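I have placed the structure first, in the form of structure tokens, so that the comments after it can refer back to it.
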Amino acid sequence: KVLVICAHAETALDLEDALRVRSGIPATVFHEGMNILERDRAAAYFADEEFGAQVLICSEIGSEGRNFQFAHHLVLFDLPEDPELLEQRIGRLDRIGQTSTIHIHVPYVKGSAEEVLARWYHEGLDAIEKNLHGATEIAEALHEDLAALLVKASPAKLKSFLQKSQALRQQVTTKLERGHDRLLELNSSKPEQAEAIISA
């Protein structure tokens with residue numbers, strides 16, 4: 001079972017059509033243009049182990065609120081510019097009940113904006129293999145640099161951007177861990193109970 005996620009319903013429909021015509025692989029689509037009954041049918045067809053679709057192709061909005069933890073392959077046909085959206089996509093499979101390692105596939109054309117995004121998520125943020133903490137803060141800090149690279153990227157500029165991303169990710173992660181530890185300490189401190197124990 002393979003879940004494919006792309007940004008738009010039109011892309012999902014085109015991919016399903018191409019799969020059917022070129023390969024004969026049983027596939028179905030799931031997008032915001034479908035009513036709830038059509039979505040339920042598509043999800044059930046994908047979930048059916050014996051006679052169901054091997055591939056479910058979702059649009060961004062179409063995949064929200066559905067969990068497909070019985071699938072182990074996720075194809076990110078295109079990538080969002082928002083790391084939180086990437087985490088939501090991966091979360092369609094990475095749920096309670098997932099019994100296997102999730103294999104994430106990211107096709108892209110070399111030298112394209114998609115390559116910049118793929119390498120940023122994988123090499124710069126390590127967001128494909130691990131949960132990215134502080135995603136919003138990191139995305140806001142790097143937004144202008146990323147936007148410029150998506151228009152035109154040289155290997156040197158991309159390398160520098162990936163290094164900057166790694167450093168920022170580490171800095172934000174460390175800051176959040178310190179804050180988390182402080183909250184634990186504050187919550188763990190119970191002066192009245194401690195005083196009673198000390199007095200006893």
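Numbers at a glance
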item	result
Most fluctuating residue given options L125, L56, L85, as computed from a GNM of the chain linking Cα atoms under 10 Å	L85
Inter-centroid distance (Cα atoms) of region 61-137 relative to region 2-38, Å	18
Extension gain (nm, one decimal) between D17 and E87, 0.36 nm per residue minus Cα-Cα	22.5 nm
Computed over the chain, Kirkwood Rh from alpha-carbon pairs, angstrom	19.2
Net charge over other residues, Cβ less than 12 angstrom from the Cβ of Q171 (K, R count +1; D, E count -1)	+2
Isotropically averaged projected area of region 119-170, using the convex hull of Cα atoms (one quarter of hull area), nm²	3.2
Pairs beyond 30 Å (Cα-Cα), from K1/K175; K110/K175; K130/K159; K1/K130; K130/K157; K110/K164	K1/K175; K110/K175
Whole-Å semi-axes of the ellipsoid equivalent to region 44-85 (Cα gyration tensor, √5λ, descending)	22, 11, 9
Span per principal axis, largest first, for the Cα atoms of region 1-113 (Å)	40, 35, 26
Rounded to 5, percent antiparallel among DSSP beta bridges of the chain	0
Inter-label distance for E50 and E10, nm, one decimal - labels placed 7 Å from Cα along Cα-to-Cβ	4.1
F70 paired with K130, simple spin-label distance in nm, labels 7 Å along Cα-to-beta-carbon	3.3
Of S112, S165, S154, the one that fluctuates the most in a GNM where the chain has Cα springs shorter than 10 Å	S154
Theoretical FRET efficiency, 1/(1+(r/R0)^6), r = Cβ-Cβ of E115 and K190, R0 45 Å, to 0.05	0.25
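Any read-out appearing in this document is the output of simple, stated calculations on the displayed coordinates, not a laboratory observation. No experiment lies behind these values; they were computed from the predicted model shown. With ideal geometry, Cβ positions are generated from the backbone for all residues, glycine too; neighbour counts draw on all protein chains shown.
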